[in-house]
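*Asks:* There's a structure below that I have some questions on.
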Amino acid sequence: MRVVLLDLVRDLTHFIYPPLCIVCKSIRQNPDSEFCPTCAESLSALAANPACPRCAAPIPIGSACPFCHGAGIHPFEQIVALGPFREPLRKMVHEMKYHHRWPLAETLADRMLAEQRIRELLDQTDVLVPTPLHWSRHIRRGYNQANSLAHRLARYRKTLIIASPIVRLKNTSAQTTVNSAADRAANLRFAFGLTNARALSGKRIALVDDVLTTGSTLKAAARAIQDAGPACISAIILAVADPRRRDFHGV
């Protein structure tokens, strides 16, 4: 009887307040999914896009990476992403970062864990390090989306450690407002500092962040981590954006 009543309440609630897709706000056909069929299919297509195993840029099947040419991004051993920075992933990232929808970080992290390449990197990781925000930006936003992603990803394995051994020393301009790769790198010079080398020494580290464009933020954070003498540094990101601002057309 109790189960019947619960089902009745749920059906009545869905009738009055239809479950909406967290991306496009259309009515979901499946109340157990957070996405409508169109957005779910689009997100799956992005995740299934072939990507360079070194820099995470999308590449044609069987082709060499036209961005890093197989060399990767120094000093990272590997970078993995959920997919290219396209819709609906772009909208979800913007909503998560700029419109206080931090629970989207957990939804996206769960989607990341569905990808074998991300699970394989987590299997080779000892410590997850969320890329820190400057304290003033953290206060304004109320949360660090990279930290939310890392804590959700850490559920994959009990032995995964989350550490915050680096801090943001400079309240730099948002990277989205800086155009050239050289200016982005200059904007982040000496932006991070190491506060706890012991947490990283000899460990396999994976930096966690939301969007990779030129890699300036991740490289600046990695330079601070290198001072601790880790075994290796990799990165796990939500989306990879085209540094040429062409949305990877022609790739």
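The values are calculated or read from the model by the stated rules, or taken from the named source; none is laboratory data. The structure displayed is predicted, hence computed values, not measured ones. Backbone-built Cβ (ideal geometry, glycine too); neighbour counts: all protein chains shown. Accessible surface is based on the protein model in full, side chains and every heavy atom, while ligands, DNA and RNA are left aside. Shrake-Rupley method; radii C 1.70, N 1.55, O 1.52, S 1.80 Å.
*Asks:* Looking at (1) of a type outside the set (A, V, I, L, M, F, W, C); (2) over 22 Å from D227 (Cα atoms); (3) open to solvent by 60 Å² or more (accessible area, probe 1.4 Å); (4) at pLDDT 95 or above, which is the only condition R198 fails?
*Replies:* The single condition R198 does not satisfy is (2).
*Asks:* Name every residue in the stretch 201-232 that is surrounded by 23 or more Cβ atoms within 10 Å (Cβ to Cβ), in a strand (DSSP E or B) and more than 12 Å from the chain's Cα centre (by Cα), in order of residue number.
*Replies:* I205
*Asks:* Return a yes/no flag: does the stretch 157-168 have any residue that is modelled with pLDDT under 95, crowded, with 20+ Cβ neighbours inside 10 Å and either in contact with a Lys or Arg (Cβ under 9 Å, 6 or more places away or on another chain) or of a type in the set (A, V, I, L, M) (or both).
*Replies:* Scanning the stretch 157-168, I find at least one residue that is modelled with pLDDT under 95, crowded, with 20+ Cβ neighbours inside 10 Å and either in contact with a Lys or Arg (Cβ under 9 Å, 6 or more places away or on another chain) or of a type in the set (A, V, I, L, M) (or both), so the answer is yes.
*Asks:* Give the residues of the stretch 132-144 that are outside any helix (DSSP H, G or I) and not small (G, A, S), sorted by residue number.
*Replies:* Result: P132, L133, H134, Y143, N144.
*Asks:* Related question: Hey, any hits in the stretch 99-119 for a residue that's within 23 Å of C39 (Cβ to Cβ) and of a type in the set (S, T, N, Q)?
*Replies:* yes
*Asks:* Being under 19 Å from S234 (Cα atoms), open to solvent by less than 50 Å² (accessible area, probe 1.4 Å) and in a loop (DSSP other than H, G, I, E, B) is the filter here; which residues of the stretch 51-66 pass it?
*Replies:* Hits for the stretch 51-66 are C52, C55, A56, A57, C65.
*Asks:* Would you pick out the residues in the stretch 14-47 that are open to solvent by 40 Å² or more (accessible area, probe 1.4 Å), at pLDDT 85 or above and among the β-branched types (V, I, T)?
*Replies:* Passing the criteria: only T38.
*Asks:* Moving on. Being open to solvent by 40 Å² or more (accessible area, probe 1.4 Å) and in a strand (DSSP E or B) is the filter here; which residues of the stretch 186-195 pass it?
*Replies:* L194, the sole residue that qualifies.
*Asks:* Scan the stretch 133-143 and give yes if some residue there is under 13 Å from D210 (Cβ atoms) and touching a Ser or Thr at 6+ places or on another chain (Cβ under 8 Å), otherwise no.
*Replies:* For the stretch 133-143, residues under 13 Å from D210 (Cβ atoms) and touching a Ser or Thr at 6+ places or on another chain (Cβ under 8 Å): absent.
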